[in-house]
Amino acid sequence: MNDTMLGRFYRRAAGLGLLGTLGAVYVALIGIVERFEPRNIVTGYLTLGLLTAALVVFVTAYRATEPPHSWGIGPPPRQHVLGAGVLAAVIGAAGVALFLVLNRALPLDAVLVNANDRMSEILGLGLEFPAGALALLGAGLAFGVAAGGLRLLAPRFRGPLIAAVVAVMLVSLMEPFMRVVLLQLGQNAISGFFYQSGGLTVPGAIIVAGAVLAIGLANSLRGEAVRERVAEMPADQRRGIQIALFVVGIVFLLVLPQLIGSFLSEVVGTVGLYILMGLGLNIVVGYAGLLDLGYVAFFAIGAYATAILTSPVSVLGWGLSFWVAIPIVMLIAALSGLIIGAPVLRLRGDYLAIVTLGIGEIVRILLLSDALRPWTGGAQGILQVPPPEFADIDFFQPQNLYYPILAFVVLGAFVAISLANSRVGRAWNAMREDEDVAAATGINITNYKLLAFSLGAVFGCIAGAFLAVKLGSIFPHNLNLLVSITVLSLIILGGMGSIPGVIVGAFVLVGLPELLREFAEYRLLIYGAVLIVMMLWRPEGLIPSAQRKRELREHEDDEDQWAHQTGVPTAMPAVERPGP
Amino acid sequence: MRLRLPERLSFVDLILWGLRVAIVVFVLVGSYATLSQGVLGFDGWRTLLIVGVAQGSIYALIALGYTLVYGVLFMINFAHGEVFMAGVFTAFFAATALADSGILNGNPLFGLAIIFAVSMVTSMVVAVILERVAYRPLRRAPRLVPLITAIGASLFLQYTFRSLYGSGVRSYPTIEILTGTFDIAGVPIQKTQVVVIVSAILLMVGLYFFVQRTRTGRAMRAVSEDKDVAAMMGINVDRVISTTFAIGGLLAGAAGILYVFLFNSVSFSMGFLPGIKAFTAAVLGGIGNIVGAMLGGLFLGVLESIGPFLFLDGLGVPSTNQLRDVVAFTLLVLVLIFRPYGILGRKE
């Protein structure tokens with residue numbers, strides 16, 4: 001590494017340090033530092049509030065220790081790795097200290113609601129003013145050395161170490177969940193040993209970190225050999241293991257609500273609704289490649305159709321049973337999918353997104369308005385939606401309502417997987433990749449698009465039906481654009497076209513904010529960040545379907561090929577004029 | 001023009017024709033019913049018209065941002081409504097400070113200039129950062145990728161400003177010189193409406209000449225025509241795209257203050273509806289077309305102001321004002337379905 005390169009490397013580190021400052025100050029100013037402060041990570045030592053700001057600085061410093069691949073140079077000498085880490089972290093910390101000085105001198109909180117003394121105190125490590133700012137510089141130095149040191153570790157140790165730290169954070173954040181489960185199992189002693197006032201205890205943290213570190217080390221040292229052994233196993237033996245895992249999974253899902261109690265069952269039920277919607281929208285967005293931002297329309301239609309059919313106080317007053325209503329709702333869903341889909345499906349991608357968004361908003365405003373009041377009850381909604389009836393089980397209990405939701409989720413996942421591997425699924429793939437070529441091979445584009453749209457609508461409507469049952473009533477306020485955006489975000493996070501992705505996405509984006517009340521306020525901010533970050537960093541999602549990954553990654557290395565396949569010049573995005 | 005029926009009427013065609021007929025019948029019957037009842041006199045309609053033009057000129061200003069960006073990047077900057085919100089929400093603090101110190105009503109022109117400057121510069125900075133961080137790395141990505149990013153950016157900006165400035169709705173201080181009415185040809189018109197319409201027209205004319213006559217404007221048109229060739233001619237494409245976002249941001253920031261003249265209150269979520277409506281206006285006029293965006297904005301404003309009453313009141317629909325946004329969204333849907341190339345655009 002020559003001097004010019006070295007200069008460039010340190011300049012980049014300084015820039016990243018500034019970015020770290022900006023990030024940490026941003027996190028503080030939007031109030032995350034203060035709001036997350038009460039949640040302990042390691043009780044008595046580390047809180048989530050301080051950790052978020054510190055992580056920003058640490059991650060930027062860690063990034064500073066390695067030159068980007070595009071520079072085409074290997075890792076720099078050891079002392080410079082450390083030097084860059086220290087430079088970035090100290091600049092980051094010094095920036096935060098400067099911000100504290102500014103915040104003392106100027107009445108920032110007249111404009112920025114979160115720039116208060118409490119925030120300054122937390123950022124200043126709880127110390128008095130000058131001492132806190134100085135301590136920050138020291139902390140920056142320590143962070144820089146840690147970041148550089150982490151980079152210098154051999155990868156087989158680095159991976160497990162990072163995993164151990166992340167595990168401590170996750171296990172600590174899962175406290176509300178774990179506590180209830182342990183309580184339900186009667187394991188108060190274990191709960192008391194690991195958790196104390198909302199965070200891990202010190203011995204608990206050490207045990208968690210140690211366990212993950214041990215597993216991680218074992219995996220990086222011996223993992224390859226074990227995997228080879230499994231691969232060499234006879235087929236029927238492997239099949240046996242798979243079946244055993246499958247059975248364990250089923251049993252786990254069946255006993256889950258008894259294990260986690262009423263509140264968490266309710267949360268899991270909500271997650272289930274979003275998984276259903278995610279599966280449905282995944283057919284539309286992931287399989288068929290149609291970006292639908294008005295998916296909430298189907299959720300609303302399902303919910304209102306169910307309420308009108310089953311509630312004794314609705315305009316029809318039929319008071320049908322849920323099980324009789326569901327097939328009717330599914331029929332209405334498929335029809336509404338056709339009717340809404342037919343006029344819009346000839347539009348190209350981005351216009352389709354906006355039109356569907358418009359339709360979703362129209363549905364919402366109509367539900368709220370006085371014009372449809374006799375049918376939908378306006379802002380008051382429809383009350384007295386009865387729960388499903390089945391063999392004297394009380395489906396008002398979230399623990400019991402869990403089962404029908406689970407049944408529909410499993411059914412939905414089965415349908416979605418079967419579709420993906422069928423002739424229809426392949427037709428959708430072809431259509432998504434290139435409509436003209438697909439049409440030329442004899443695929444009826446319109447029909448396949450309509451099919452995707454209607455299937456998606458059916459999923460959405462079933463989720464809506466369960467929403468009505470779950471709440472026992474239905475109001476237009478639950479049915480806005482943000483539902484569509486939530487479903488879209490969870491698909492993007494998990495990976496378009498990936499069913500495990502939908503499930504993980506729903507648990508992370510819908511389940512976690514329900515558990516961690518502090519997050520609830522930043523939920524939509526986080527969804528926005530998820531959409532941006534995933535598109536920039538991992539467009540194929542966290543758990544990509546194998547095929548999407550190939551599609552989205554391959555072309556990065558070989559742009560000419562991409563251009564060749566899609567007929568788009570490489571230097572710019574598709575130059576299409578709007579046209580039908 | 002010849003009306004040609006397709007040889008085979010498919011299911012989709014059937015739905016589309018049904019939709020056309022239903023809309024025309026609905027508009028005709030509704031208008032006839034309302035007009036025949038004669039609830040609103042000439043003055044009433046004129047008031048609605050002026051309200052519509054004032055609001056429409058704001059939509060037009062925001063729509064220019066969509067159209068300019070679409071012109072050079074061929075993408076919908078979904079977060080443009082948030083760019084609009086960022087400026088006017090930030091300028092609120094400048095406005096209260098100026099009002100508290102008595103400058104705003106003591107020296108109103110100076111005060112207003114500062115408020116406009118704060119709003120426009122903030123919006124511009126947000127727009128430029130947005131482009132740099134969220135859109136530039138994705139210029140070669142498949143089409144839907146930047147659109148999803150833009151939706152994310154819209155949410156992210158909205159809730160960032162909510163967290164920074166608080167979630168409440170804030171009221172701008174009153175600006176005394178803008179209260180009251182002007183008498184124009186015997187018709188009393190609110191001063192704010194006059195100011196809004198005149199400033200919007202000035203800004204739009206200014207933009208038109210900027211794009212047509214200046215070097216930068218020519219560079220923008222070149223980039224919009226063909227980026228590769230423009231780059232070969234020595235145009236810095238990245239900088240031109242940044243400039244385009246900056247101009248869109250400036251106009252949105254100005255539109256924000258004009259919006260406040262009419263509605264007086266700001267909040268973090270104020271950008272969504274004007275954003276969508278301005279997008280409708282941009283598509284209506286043929287996206288990428290500057291004059292089209294202006295006309296589209298005016299048309300949408302007037303339709304939204306007159307439409308609900310004209311089409312619905314005669315049919316006995318209660319509280320037609322609640323359905324204002326439905327008219328705008330319906331127009332959006334219909335335009336995109338039937339004339340996605342806009343009224344001034346040409347089918348290709």
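The values are calculated or read from the model by the stated rules, or taken from the named source; none is laboratory data. Bear in mind the structure is a predicted one, so any value in this text is a computation, not a measurement. Cβ: placed from backbone, ideal geometry, glycine included. Neighbour counts: every protein chain shown. Heavy atoms of the whole protein, side chains included, go into the accessibility calculation; ligands, DNA and RNA do not. Shrake-Rupley method; radii C 1.70, N 1.55, O 1.52, S 1.80 Å.
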> Taking B:LEU273, is it among the aliphatic types (A, V, I, L, M) and either surrounded by 20 or more Cβ atoms within 10 Å (Cβ to Cβ) or more than 13 Å from chain A (Cβ to nearest Cβ) (or both)?
Replying inline: no
> Residue check: is B:PHE209 within 11 Å of chain A (Cβ to nearest Cβ) and within 30 Å of B:GLY111 (Cβ to Cβ)?
Replying inline: no
>> Conditions first: (1) facing another protein chain (nearest Cβ under 8 Å); (2) within 29 Å of A:LEU291 (Cβ to Cβ); (3) surrounded by fewer than 22 Cβ atoms within 10 Å (Cβ to Cβ). B:ILE129 passes all but one, so which condition is the exception?
In response: (1)
> Only one residue in B:ARG136, B:ARG140 is out of contact with any strand residue (DSSP E or B) (no Cβ under 6 Å at 6 or more places or on another chain), outside any helix (DSSP H, G or I) and open to solvent by 20 Å² or more (accessible area, probe 1.4 Å). Which one?
Replying inline: B:ARG140
> Within region A:175-213, can you find the residues that are open to solvent by less than 60 Å² (accessible area, probe 1.4 Å) and not in a helix (DSSP H, G or I)?
Replying inline: A:GLY186, A:TYR195, A:GLY198, A:GLY199, A:LEU200, A:THR201
> For region A:511-543, which residues satisfy the criterion of being over 16 Å from A:THR486 (Cα atoms), assigned to a helix (DSSP H, G or I) and free of Cβ contacts under 8 Å to residues at least 60 places away in the same chain?
Replying inline: A:ARG517, A:LEU536, A:TRP537
>> When you scan region A:24-38, do you find a residue that is touching a residue at least 24 places away in the same chain (Cβ under 8 Å) and farther than 23 Å from B:LEU157 by Cα, even just one?
In response: yes
>> So in region B:307-321, with the set limited to residues that are open to solvent by less than 30 Å² (accessible area, probe 1.4 Å) and closer than 18 Å to B:LYS277 by Cβ, which one is modelled with the lowest pLDDT?
In response: B:THR320
>> Let me spell it out: the conditions are (1) crowded, with 22+ Cβ neighbours inside 10 Å; (2) within 10 Å of chain A (Cβ to nearest Cβ), and B:ALA281 meets all of them except one. Which number is the exception?
In response: (2)
> Can you name the residue in region A:41-57 that is buried (at least 22 other Cβ atoms within 10 Å of the Cβ), touching a helix residue (DSSP H, G or I) at 6+ places or on another chain (Cβ under 7 Å) and in contact (Cβ under 8 Å) with a residue 40 or more places away in the chain and is also nearest to A:ALA94 (Cα to Cα) among such residues?
Replying inline: A:VAL57
> Only one of (1) assigned to a loop (DSSP other than H, G, I, E, B); (2) of a type in the set (A, V, I, L, M, F, W, C); (3) away from every other protein chain (no Cβ under 14 Å) is not met by A:ALA416, so which one is it?
Replying inline: (1)
> For A:GLY289, which of the numbered conditions (1) open to solvent by 10 Å² or more (accessible area, probe 1.4 Å); (2) in contact (Cβ under 8 Å) with a residue 40 or more places away in the chain; (3) assigned to a helix (DSSP H, G or I); (4) not polar (S, T, N, Q) fails to hold?
Replying inline: (3)
>> Can you pull out every residue in region B:154-200 that is within 30 Å of A:LEU357 (Cα to Cα), of a type in the set (Val, Ile, Thr) and part of a helix (DSSP H, G or I)?
In response: B:THR160, B:VAL196, B:ILE197
> Among the residues of region B:27-76, which ones are touching a Phe, Trp or Tyr at 6+ places or on another chain (Cβ under 6 Å) and within 14 Å of another protein chain (Cβ to nearest Cβ)?
Replying inline: B:GLY30, B:TYR66
> Name the residues in region A:347-369 that are more than 17 Å from B:ARG339 (Cα to Cα), touching a Leu at 6+ places or on another chain (Cβ under 8 Å) and facing chain B (nearest Cβ under 8 Å), would you?
Replying inline: A:LEU357, A:GLU361, A:ILE365, A:LEU366, A:SER369
> Out of all the residues in region A:350-377, which are modelled with pLDDT under 80 and surrounded by fewer than 19 Cβ atoms within 10 Å (Cβ to Cβ)?
Replying inline: A:ASP370, A:LEU372, A:ARG373, A:PRO374, A:TRP375
>> Looking at B:VAL260, B:VAL266, can you tell me which residue is within 14 Å of chain A (Cβ to nearest Cβ), in contact with a strand residue (DSSP E or B) (Cβ under 7 Å, 6 or more places away or on another chain), hydrophobic (A, V, I, L, M, F, W, C) and buried (at least 19 other Cβ atoms within 10 Å of the Cβ)?
In response: B:VAL266
> Can you name the number of the only condition in (1) more than 20 Å from B:TYR135 (Cβ to Cβ); (2) in a helix (DSSP H, G or I) that B:MET220 fails?
Replying inline: (1)
>> Here is a list: A:VAL424, A:VAL385, A:VAL409. Which entry is more than 14 Å from chain B (Cβ to nearest Cβ), open to solvent by 30 Å² or more (accessible area, probe 1.4 Å) and of a type in the set (Val, Ile, Thr)?
In response: A:VAL424
> Within the bounds of region A:142-153, is there any residue that is free of Cβ contacts under 8 Å to residues at least 60 places away in the same chain, under 31 Å from the mean Cα position of the chain (by Cα) and not in a helix (DSSP H, G or I)?
Replying inline: yes
> How many residues are within 7 Å of chain A (Cβ to nearest Cβ) and under 24 Å from the mean Cα position of the chain (by Cα) if we restrict to region B:132-144?
Replying inline: 3
> Does A:LEU221 satisfy the condition of being out of contact with any Leu (no Cβ under 6 Å at 6 or more places or on another chain), open to solvent by 80 Å² or more (accessible area, probe 1.4 Å) and within 28 Å of A:LEU516 (Cβ to Cβ)?
Replying inline: no
> Given B:THR149, B:THR122, which one is farther than 10 Å from A:MET535 by Cα, of a type in the set (Ser, Thr, Tyr) and open to solvent by less than 50 Å² (accessible area, probe 1.4 Å)?
Replying inline: B:THR122
> Which one of these does B:ASN264 not meet: (1) at positive phi; (2) free of Cβ contacts under 8 Å to residues at least 24 places away in the same chain?
Replying inline: (2)
> If B:LEU157 satisfies every condition in (1) open to solvent by 10 Å² or more (accessible area, probe 1.4 Å); (2) more than 18 Å from B:PRO274 (Cα to Cα); (3) in contact (Cβ under 8 Å) with a residue 40 or more places away in the chain but one, which is the exception?
Replying inline: (2)
> Among all residue pairs at least 6 apart or on different chains, which show Cβ distances below 6 Å where the first residue, located in region A:388-406, is assigned by TED's automatic domain parsing to the domain that holds A:ILE503 and under 15 Å from A:ILE275 (Cβ atoms) and the second is surrounded by 14 or more Cβ atoms within 10 Å (Cβ to Cβ) and modelled with pLDDT under 70?
Replying inline: A:LEU401/A:PHE395
> In region B:247-255, is there at least one residue being open to solvent by 40 Å² or more (accessible area, probe 1.4 Å), more than 24 Å from the chain's Cα centre (by Cα) and closer than 24 Å to B:VAL126 by Cβ?
Replying inline: no
